[in-house]
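Working notes, beginning with the structure itself.
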Amino acid sequence: MDKIIVGLKRVVDYNVRIRVKPDGSGVATEGLKMSVNPFDEIALEEALRIRERGEAREVVVVSIGPEDCQQQLRTGLAMGADRAVHVPHDGDLEPLAVARILLGLVTREAADLVILGKQAIDDDCSQTGQMLAALWDRPQATFASKLETSGTTARVTREVDAGLEVIEVDLPAVVTTDLRLNEPRYVKLPDIMKAKKKPIESVTIASLGVDPAPRLRTLHHEPPAPRQKGVMVKDVDQLMGTLRERGVLG
Amino acid sequence: MSKVLVIAEHNGNHLNPSTARCLSCAAQLQAGPADVLVLGHGAEAVAREAAEVAGAGRVLLADQPAFAQPLAAMLAPAVAELARGYTHVLAPSTTFGKDLLPRVAALLGVPQVSEVMSVEGPRKFRRPTYAGNAIITVEVPDDLPVVATVRNASFKAAGKAAAVPVEAWTPTATAPTHTRYVELRSGGGDRPDLQTARAVISGGRGVGSAENFAVLYRLADRLGAAVGASRAAVDAGFVPNELQVGQTGKIIAPEVYFAFGISGAIQHLTGIKDAGTIVAVNKDGDAPIFEVADIGLVGDLFQVIPEIERRLG
Ligand SMILES: Cc1cc2nc3c(=O)[nH]c(=O)nc-3n(C[C@H](O)[C@H](O)[C@H](O)COP(=O)(O)OP(=O)(O)OC[C@H]3O[C@@H](n4cnc5c(N)ncnc54)[C@H](O)[C@@H]3O)c2cc1C
């Protein structure tokens, strides 16, 4: 296979506890630590391993979003991607628009494999990979926990509710990653320095002929309803008593 | 007038309970009874089961060898073809629905609303973002069909009703050949299903090993409960992946949830926010799980569990 494309979304770091703005207009993200969506990091790690096994020639990372996405692309380059494409955009993008933009890039690059995260940990939509596969009219293998490529096909183990499902797909295809696919490597300082020399190309949404305007209207944000304060019991007798009082244990 | 299509989930023999939950979501859309689409091969029994769920107006059975396995690439063209006649298309927010419905939405060229947790109006829904830490209200404009996945834990399963007709439906779209099913490996035995069980006994890294999980299985069997786990317990290989509860595992709403040796990371808590009663046992009194637990006990799970069993008699 020649080329693997990996999407890197810039999101609030998974360790940061976000807060909903008091007026319900959104989530306060200013000044928060931003990172590569964890599932996307796994996607990139997988692509790099395939290339390192000699089964692909090039790994290209793509990020769509504000100027600052270049930080996440630099992380991707430091991890080992060969080059990066940034599609600048300020404001919200729905997964369908992202899928259309990716379709433009994937066709332009003639990608053999696209690896994306199974969901972004901000909007938690879990749609983009499936949508890209549909628009591209190619196979999808979502929630992957194992990926083996051989020439023109890939064998993917998927984490599904019933267990582990194995499917085989023809390439090109879209794979989305689950957490157990791999453990991403740490970036070393010399790699960060080297990555500074790697190119980041900028491609406009307009040049891909995509309308980025969201169609769904987000009317309101609210924090989740707090749970009632619980009680601490000091031993198993009290525990069983409280459970019986609540009628949850026969 | 709204017209709702619900995509049934099943394993070839039985309807998944998530379908009845979708139908109770559909009942809130101010539409008439919903059409239920069963895609499968030799799935007449499933169709008959679907025909007896309250809220179903009619069951459409698309029976083809290509639909023998729930592969999104095979099913999506057929679903998209049928969907054009409806104002709403719903599927459960299980791995089946999450895999399939975005592919359908893209074929229709419309956005999807993921994980509907409440219906605020026929085109207005609440859904979780940021691992459930920000709930958003979204509205689908009038000129678009509503394509949405329904969060299992947020809707009670619709009950049984008199059977409605089952009709055969044949899509004109031909299924692609680029995707092939190989096998399903399932670690589960005949224990209650994690997503529908009344009680769940969950273990985390604190359980320590696959062997030690036997203690939890024994308690679960005593209580007729399902067994769940944190990601750390799954990653460590104590239990199979399908037991993971949380943002990236299963989102569940049992009447009672026991967390043994689970610290309470936000990604885990997302999966249990809708549980009736959360019981936490952890030897660290500062563990964040105690902030959400209804009943907390600081203690060693290996002492606490046998004591619970003794008191169960
Ligand atoms: C993108 C992303 C998605 C994630 N999705 C999920 C998800 O879906 N589900 C999930 O669970 N996690 C998820 N995680 C992982 C999550 O952040 C935590 O790492 C994980 O939940 C921790 O599991 P744990 O509580 O079992 O382990 P730990 O945090 O290590 O906690 C173990 C606990 O056991 C207690 N303990 C130890 N021994 C005993 C004993 N003998 N008796 C009583 N208590 C004892 C300790 O005090 C400790 O509190 C995700 C992480 C990321 C980055």
Pick out the one residue from B:ILE289, B:ILE272 that is in contact with a Gly (Cβ under 7 Å, 6 or more places away or on another chain), crowded, with 20+ Cβ neighbours inside 10 Å, touching a residue at least 12 places away in the same chain (Cβ under 8 Å) and at negative phi. B:ILE289
The condition of being open to solvent by 10 Å² or more (accessible area, probe 1.4 Å), in contact with a helix residue (DSSP H, G or I) (Cβ under 9 Å, 6 or more places away or on another chain) and either more than 7 Å from every other protein chain (Cβ to nearest Cβ) or touching a residue at least 24 places away in the same chain (Cβ under 8 Å) (or both) holds, among A:LEU171, A:LEU181, only for A:LEU181
Would you tally the residues in the stretch B:230-254 being under 16 Å from the mean Cα position of the chain (by Cα) and either near the ligand (Cβ under 9 Å from one of its atoms) or part of a loop (DSSP other than H, G, I, E, B) (or both)? 11
Any idea which of A:VAL36, A:VAL61, A:VAL12 is within 16 Å of the ligand (Cβ to nearest atom) and free of Cβ contacts under 8 Å to residues at least 60 places away in the same chain? A:VAL36
Just to check your reading of the model, which residue among A:ILE18, A:ILE42 is among the aliphatic types (A, V, I, L, M), free of Cβ contacts under 8 Å to residues at least 60 places away in the same chain and either surrounded by fewer than 20 Cβ atoms within 10 Å (Cβ to Cβ) or closer than 18 Å to A:LEU77 by Cα (or both)? A:ILE18
I want to confirm something. Restricting to the stretch B:104-131 and keeping residues that are open to solvent by 10 Å² or more (accessible area, probe 1.4 Å) and small (Gly, Ala, Ser), which single residue is nearest to A:ILE18 (Cα to Cα)? B:SER118
May I ask you to list the residues in the stretch B:177-205 that are assigned to a loop (DSSP other than H, G, I, E, B) and open to solvent by less than 30 Å² (accessible area, probe 1.4 Å)? B:HIS178, B:LEU194, B:ALA197, B:GLY204
Among the candidates B:ARG205, B:ARG191, B:ARG151, single out the residue that is touching a Ser or Thr at 6+ places or on another chain (Cβ under 8 Å), more than 7 Å from chain A (Cβ to nearest Cβ) and over 30 Å from A:HIS221 (Cα atoms). B:ARG205
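Residues checked against (1) on the phi < 0 side of the Ramachandran plot; (2) at pLDDT 95 or above; (3) not in a loop (DSSP other than H, G, I, E, B):
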| site | (1), (2), (3) |
| --- | --- |
| A:ALA47 | yes, yes, yes |
| A:ARG51 | yes, yes, yes |
| A:GLY54 | no, yes, no |
| A:VAL61 | yes, yes, yes |
| A:GLN71 | yes, yes, yes |
| A:ALA81 | yes, yes, no |
| A:ALA84 | yes, yes, yes |
| A:VAL87 | yes, yes, yes |
Could you check the stretch A:127-140 and list, in sequence order, the residues that are open to solvent by less than 10 Å² (accessible area, probe 1.4 Å) and in contact (Cβ under 8 Å) with a residue 40 or more places away in the chain? A:GLY129, A:GLN130, A:LEU132, A:ALA133
Quickly run through the stretch A:188-222 and pick out the residues that are within 20 Å of B:VAL113 (Cβ to Cβ), open to solvent by 40 Å² or more (accessible area, probe 1.4 Å) and either part of a strand (DSSP E or B) or touching a strand residue (DSSP E or B) at 6+ places or on another chain (Cβ under 6 Å) (or both). A:ARG217, A:THR218, A:LEU219, A:HIS220, A:GLU222
Hey, among the residues in the stretch A:172-193 that are basic (Lys, Arg) and at pLDDT 90 or above, which one's nearest to B:THR179 (Cα to Cα)? A:ARG180
Extreme residue, most open to solvent (accessible area, probe 1.4 Å), among residues of the stretch B:144-166 that are of a type outside the set (D, E, K, R) and part of a strand (DSSP E or B): B:VAL166
When you scan the stretch B:72-136 for strands (runs of 3 or more DSSP E) that lie fully inside it, which ones turn up with 1 or more residues that are without any contact (Cβ under 8 Å) to a residue 24 or more places away in the chain? B:118-121, B:124-129
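The values are calculated or read from the model by the stated rules, or taken from the named source; none is laboratory data. Values in this document were obtained by computation on a predicted structure and should not be read as measured data. Note that we place each Cβ from the backbone using ideal geometry, even for glycine, and neighbour counts take in every protein chain shown. These area figures cover heavy atoms from the full protein model, side chains too; ligands, DNA and RNA do not enter into them. Shrake-Rupley method; radii C 1.70, N 1.55, O 1.52, S 1.80 Å.
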